[in-house]
1. When you go through (1) within 15 Å of Ser3 (Cα to Cα); (2) surrounded by 12 or more Cβ atoms within 10 Å (Cβ to Cβ) one by one for Ser76, which number turns out not to apply?
2. Picking from Ala24, Ala30, which residue would you name as being in a loop (DSSP other than H, G, I, E, B), small (Gly, Ala, Ser) and touching a Pro at 6+ places or on another chain (Cβ under 7 Å)?
3. Name the pairs: first residue in the stretch 17-37 and more than 14 Å from Gly50 (Cβ to Cβ), second residue charged (D, E, K, R) and not in a helix (DSSP H, G or I), Cβ to Cβ under 9 Å, at least 6 apart or on different chains?
4. Consider Arg28 carefully, then state whether it is over 22 Å from Met1 (Cβ atoms), under 10 Å from the mean Cα position of the chain (by Cα) and at pLDDT 95 or above.
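The values are calculated or read from the model by the stated rules, or taken from the named source; none is laboratory data. Treat the numbers as computed from the prediction; the structure is a model and nothing was measured. Cβ coordinates were reconstructed from backbone atoms using ideal geometry, including for glycine residues, and neighbour counts include every protein chain displayed.
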Amino acid sequence: MPSIRVPSALRSFTGGASDVEITASTVRDALTALEQKHPGIGAKILREDGTVKPFIRVFVGPDDIGDLGGLDAKVSERDEISIVPAIAGG
């Protein structure tokens, strides 16, 4: 079963859980399942049109989904999906 690594800034939606196991065959399905399990988290990751918000990166393993076909990138049972918000600073 794939898992989603949740950044600390969004763990208030998951009751503090850093990893959430879901059932999905694509990244899009995974994020939909995450929203179903933890309502409200999807709005922090995706725009209203269903695309990933600017300054958020999503990875399957070490690979950015942009290099894998976007939200339609396939995931397998052992994949870890990571949500990585940009870090600002100077």
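1. For Ser76, the failing item is (2).
2. On the way: Ala30 fails: in a loop (DSSP other than H, G, I, E, B).
Of Ala24, Ala30, the one residue that is in a loop (DSSP other than H, G, I, E, B), small (Gly, Ala, Ser) and touching a Pro at 6+ places or on another chain (Cβ under 7 Å) is Ala24.
3. Ala17/Arg11; Ser18/Arg5; Ser18/Arg11; Asp19/Arg5; Asp19/Glu80; Val20/Arg5; Ser25/Lys74
4. On the way: over 22 Å from Met1 (Cβ atoms): no; under 10 Å from the mean Cα position of the chain (by Cα): yes; at pLDDT 95 or above: yes.
Taking the combined requirement at face value, the residue does not satisfy it.
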